[in-house]
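**Student:** Next up is a structure, given as structure tokens.
The values are calculated or read from the model by the stated rules, or taken from the named source; none is laboratory data. These figures come from a predicted structure and were not determined experimentally. For neighbour counting, all protein chains shown are included, and Cβ atoms are generated from backbone atoms with ideal geometry for every residue, glycine included. The protein model used for the area step is the full one, side chains on, heavy atoms only, and it has no ligands, DNA or RNA in it. Shrake-Rupley method; radii C 1.70, N 1.55, O 1.52, S 1.80 Å.
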Amino acid sequence: MTDRTLRVRNLTRRFGSNTVLDSLSLELAPGSFTALLGRSGSGKSTLLRTLAGLDPAPAEAVLDLPRPVAVAFQEPRLLPWKKVWQNVVIGLEGRALRDRAEAALQEVGLGRHLDAWPATLSGGEAQRTALARALVREPQLLLLDEPFAALDALTRIRMHALVLELWRHHQPTTLIVTHDVDEAVLLADRVLVLDGGRIAADVTVELPRPRRHADPVFATLRRQLLSALGVELEEAA
Amino acid sequence: MSETHAATAPRDLILAQRRRLSWPRVITSLAVPAQLRRFLSPLALVLLWQAASMAGLISPRTLAAPSTVLASAWELTLSGELPSHLLVSLGRVGAGLAIGLSAGVVLALVAGLSRRGEEVVDAPMQMLRTLPFLALVPLFILWFGIGETPKIALVALGATFPVYLTLFSGIRGVEPKLVEAGQVFGLDRRGLVRHVVLPAALPSALVGLRYALGSAWLSLVIAEQINANAGIGFLINDAREFLRTDIIVVGLLVYALLGLGADALVRLVERRALAWRPSLIKG
Ligand SMILES: Nc1ncnc2c1ncn2[C@@H]1O[C@H](COP(=O)(O)OP(=O)(O)O)[C@@H](O)[C@H]1O
Ligand SMILES: [Mg+2]
């Protein structure tokens with residue numbers, strides 16, 4: 001078997017004079033769940049897009065990535081003219097595509113929406129369809145770019161549980177971009193902070209799941225990460 | 001006590017309001033079903049026209065009475081004259097549309113899907129479209145004579161531009177995020193065009209198709225004024241010679257019905273092809 005560790009070395013990305021990623025290095029263990037935090041504009045999406053192959057990597061960068069890769073964006077990005085199941089298997093070939101789509105949709109709790117038009121889905125349902133579209137490819141690398149940012153709080157809680165369940169079941173190396181510290185600590189085993197074009201903080205989360213905000217360790221991690229993001233809290237506990 | 005009073009007062013008010021609002025609705029809905037109501041005033045106009053004709057206020061040389069028009073339409077249909085002219089006109093529109101739509105679609109694909117194609121195709125198309133194409137009639141007669149060719153060419157030209165413009169802008173207006181999603185999920189260039197770009201451009205292209213049909217009818221009317229010896233336009237011109245306003249009106253009605261039919265056809269296509277649109281999803 002090949003080594004499925006994700007390795008990035010010396011990744012630099014510039015837009016004009018704006019250096020967004022500055023010889024960044026990164027290593028993710030196979031099957032790990034990592035969250036990537038960072039201020040708005042710190043280059044999180046740029047990094048993710050490079051990992052997804054949507055942006056070209058510069059020649060001097062070393063990228064060693066598990067494949068196949070699947071992405072879920074902040075917006076579901078479903079094709080409105082394709083039924084839900086066709087969206088799930090878009091770009092795939094072979095037989096029994098509908099069955100594969102159905103299995104994936106059932107996993108995200110949308111087994112009854114196979115033939116629905118995307119325009120009829122709620123925000124949460126659309127995002128779950130996007131998850132099914134990622135999962136059906138059985139990715140070794142799952143990249144999530146603020147996938148829950150546009151959802152309401154209750155839906156987000158349900159989506160957290162769903163993502164964890166899917167991750168446990170399929171074990172892809174998962175990297176989720178978020179600007180929500182709580183979400184990062186709630187989901188990931190490792191939280192990275194992107195700042196100045198590099199990984200500025202690397203925090204391991206050793207809390208057992210399910211995690212609770214009330215846990216004192218949670219609060220400590222939270223404060224630590226916020227401080228890495230440049231936010232100092234004077235909390236009256 | 002004052003509490004119960006306060007609670008009932010608003011309800012009385014609402015009931016009173018509802019009663020006041022619903023009165024006019026009751027009257028109109030009793031008389032005619034909603035869909036038919038919009039045809040009432042056109043019908044009244046036709047009746048007025050008939051009455052004026054019968055009273056001798058409108059001379060038949062100015063405008064024949066509706067009853068005469070209907071009788072002539074019936075006669076022309078029975079004699080086979082109207083169907084044969086109609087067939088000729090439909091043939092011209094059909095041939096012209098087939099050429100014009102194909103040309104518009106091909107040019108839009110070439111310009112829309114490649115930079116080089118845009119450089120070659122778009123600039124001349126944008127220049128040509130500013131030309132009122134009906135002004136080309138004299139040139140067309142010089143080039144193509146007075147047979148069927150200039151008529152079909154004019155219809156084709158009228159149909160090309162709307163389809164080209166709308167399909168081209170539809171292709172260029174496709175949401176880049178959807179293209180990106182297609183890419184990341186494994187669509188190659190052909191797959192992107194087929195599954196993302198063209199479906200995204202379809203609503204706009206169908207609007208173009210509707211314009212193209214309208215433009216094709218207009219071209220047909222103009223083209224059939226050019227020395228035709230068959231077709232609805234010929235029927236109208238011929239009737240003019242004999243001051244038969246009834247036949248002229250029959251010809252105009254046929255043009256109108258054809259236009260309406262074409263529009264209904266596009267609507268039907270839209271309802272089928274754009275079933276995914278939120279505005280068309282009902283229940
Ligand atoms: N295609 C682009 N062209 C120019 N600048 C860009 C482009 N994409 C991103 N940037 C810039 O790079 C920086 C990082 O963007 P991004 O990775 O989207 O940040 P984040 O996702 O962390 O909010 C921003 O300053 C943004 O303006
Ligand atoms: Mg971003």
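**Student:** I need the full set of residues from region A:83-107 which are facing chain B (nearest Cβ under 9 Å) and basic (Lys, Arg), in order please.
**Tutor:** A:Lys83, the sole residue that qualifies.
**Student:** May I pose another question? Identify all residues within region B:203-217 that are within 14 Å of another protein chain (Cβ to nearest Cβ) and either among the acidic types (Asp, Glu) or surrounded by fewer than 22 Cβ atoms within 10 Å (Cβ to Cβ) (or both); write none if there are none.
**Tutor:** First, pick out the residues of region B:203-217 that are within 14 Å of another protein chain (Cβ to nearest Cβ): B:203-206.
B:Pro203, B:Ser204, B:Leu206, listed by residue number.
**Student:** Would you pick out the residues in region A:43-62 that are open to solvent by less than 10 Å² (accessible area, probe 1.4 Å) and within 12 Å of ligand 2 (Cβ to nearest atom)?
**Tutor:** Just the residues of region A:43-62 that are open to solvent by less than 10 Å² (accessible area, probe 1.4 Å), to begin with: A:43, A:47-48, A:50-51.
If the condition is that a residue be open to solvent by less than 10 Å² (accessible area, probe 1.4 Å) and within 12 Å of ligand 2 (Cβ to nearest atom), then A:Gly43, A:Leu47, A:Leu48 are the ones that fit.
**Student:** When the residues of region B:108-124 are filtered to those that are open to solvent by less than 50 Å² (accessible area, probe 1.4 Å) and touching a residue at least 40 places away in the same chain (Cβ under 8 Å), which remaining residue is nearest to the chain's Cα centre (by Cα)?
**Tutor:** Filtering first and then ranking leaves B:Ala108.
**Student:** Let me ask another. Of all residues in region B:163-189, how many are within 12 Å of chain A (Cβ to nearest Cβ) and over 27 Å from the mean Cα position of the chain (by Cα)? Break it down stepwise before answering.
**Tutor:** The first filter runs over region B:163-189 and keeps only residues within 12 Å of chain A (Cβ to nearest Cβ), leaving B:174-188.
Remaining after also requiring over 27 Å from the mean Cα position of the chain (by Cα): B:175-188.
So the answer is 14.
**Student:** Do you know which residues across region A:5-42 are surrounded by fewer than 18 Cβ atoms within 10 Å (Cβ to Cβ) and hydrophobic (A, V, I, L, M, F, W, C)? If you could, list the steps in order and put the result at the bottom.
**Tutor:** From region A:5-42, those surrounded by fewer than 18 Cβ atoms within 10 Å (Cβ to Cβ) are A:5, A:7, A:9-10, A:12, A:14-19, A:22-23, A:25, A:27, A:29-31, A:39-41; that's our starting set.
Hits for region A:5-42 are A:Phe15, A:Ala29.
**Student:** Next up: Scan region B:82-98 and tell me whether some residue there is open to solvent by less than 30 Å² (accessible area, probe 1.4 Å) and over 20 Å from the mean Cα position of the chain (by Cα).
**Tutor:** Going residue by residue through region B:82-98, those that are open to solvent by less than 30 Å² (accessible area, probe 1.4 Å) are B:82, B:85, B:89, B:92-93, B:96-97.
In the following step, the residues that additionally are over 20 Å from the mean Cα position of the chain (by Cα) were identified as B:82, B:85.
Scanning region B:82-98, I find at least one residue that is open to solvent by less than 30 Å² (accessible area, probe 1.4 Å) and over 20 Å from the mean Cα position of the chain (by Cα), so the answer is yes.
**Student:** What is the residue count in region B:212-241 for residues that are outside any helix (DSSP H, G or I) and in contact (Cβ under 8 Å) with a residue 60 or more places away in the chain? Give the derivation first.
**Tutor:** Taking region B:212-241 first, the residues outside any helix (DSSP H, G or I) are B:224-231.
Going one step further and asking which of them are in contact (Cβ under 8 Å) with a residue 60 or more places away in the chain, we end up with B:224, B:226-228, B:230-231.
Qualifying residue count, region B:212-241: 6.
**Student:** With (1) within 16 Å of ligand 2 (Cβ to nearest atom); (2) within 14 Å of another protein chain (Cβ to nearest Cβ); (3) of a type outside the set (Phe, Trp, Tyr); (4) under 16 Å from the mean Cα position of the chain (by Cα) as the list, and A:Leu65 as the residue in question, which single condition is left unmet?
**Tutor:** (1)
**Student:** Then there's this: Out of all the residues in region B:203-225, which are more than 18 Å from B:Gly94 (Cα to Cα) and hydrophobic (A, V, I, L, M, F, W, C)?
**Tutor:** Scanning region B:203-225 gives B:Ala205, B:Val207.
**Student:** Give region A:1-58 a look and list any residue that's more than 27 Å from A:Val185 (Cα to Cα), within 14 Å of chain B (Cβ to nearest Cβ) and near ligand 1 (Cβ under 10 Å from one of its atoms), or say none.
**Tutor:** Passing the criteria: only A:Asp55.
**Student:** Mind listing whichever residues of region B:218-230 are open to solvent by less than 30 Å² (accessible area, probe 1.4 Å) and in contact with a helix residue (DSSP H, G or I) (Cβ under 6 Å, 6 or more places away or on another chain)? First the steps, then the outcome.
**Tutor:** First, pick out the residues of region B:218-230 that are open to solvent by less than 30 Å² (accessible area, probe 1.4 Å): B:219-220, B:223-224, B:226, B:228, B:230.
Scanning region B:218-230 gives B:Ser219, B:Leu220, B:Ala223, B:Glu224, B:Ala228, B:Ala230.
**Student:** Determine whether A:Ala126 is touching a Leu at 6+ places or on another chain (Cβ under 7 Å), more than 16 Å from A:Gly31 (Cα to Cα) and more than 16 Å from ligand 2 (Cβ to nearest atom).
**Tutor:** Working: touching a Leu at 6+ places or on another chain (Cβ under 7 Å): yes; more than 16 Å from A:Gly31 (Cα to Cα): yes; more than 16 Å from ligand 2 (Cβ to nearest atom): yes.
For A:Ala126, the condition - touching a Leu at 6+ places or on another chain (Cβ under 7 Å), more than 16 Å from A:Gly31 (Cα to Cα) and more than 16 Å from ligand 2 (Cβ to nearest atom) - is met.
**Student:** Condition (residue is within 14 Å of chain A (Cβ to nearest Cβ), in contact with a Gly (Cβ under 9 Å, 6 or more places away or on another chain) and within 30 Å of B:Ser89 (Cβ to Cβ)) applied to region B:192-202: is it met by at least one residue?
**Tutor:** Yes, some residue in region B:192-202 is within 14 Å of chain A (Cβ to nearest Cβ), in contact with a Gly (Cβ under 9 Å, 6 or more places away or on another chain) and within 30 Å of B:Ser89 (Cβ to Cβ).
**Student:** May I pose another question? Of these, A:Asp152, A:Asp189, which one is under 25 Å from A:Leu114 (Cα atoms) and away from ligand 2 (no atom under 16 Å from the Cβ)? Steps first, answer last, please.
**Tutor:** Numbers: A:Asp189 fails: under 25 Å from A:Leu114 (Cα atoms).
Result: A:Asp152 is the single residue among A:Asp152, A:Asp189 that is under 25 Å from A:Leu114 (Cα atoms) and away from ligand 2 (no atom under 16 Å from the Cβ).
**Student:** Just give me the residues in region B:41-81 being open to solvent by less than 70 Å² (accessible area, probe 1.4 Å), more than 28 Å from B:Leu218 (Cβ to Cβ) and part of a helix (DSSP H, G or I), in sequence order.
**Tutor:** B:Ala44, B:Gln50, B:Ala51, B:Ala52, B:Ser53, B:Ser67, B:Ala71
**Student:** Report the residue count in region A:68-96 for those that are open to solvent by 50 Å² or more (accessible area, probe 1.4 Å) and within 16 Å of ligand 2 (Cβ to nearest atom).
**Tutor:** Count: 2.
**Student:** Related question: Go through region A:123-169 and report how many residues are away from chain B (no Cβ under 14 Å), among the acidic types (Asp, Glu) and within 16 Å of ligand 1 (Cβ to nearest atom).
**Tutor:** 0
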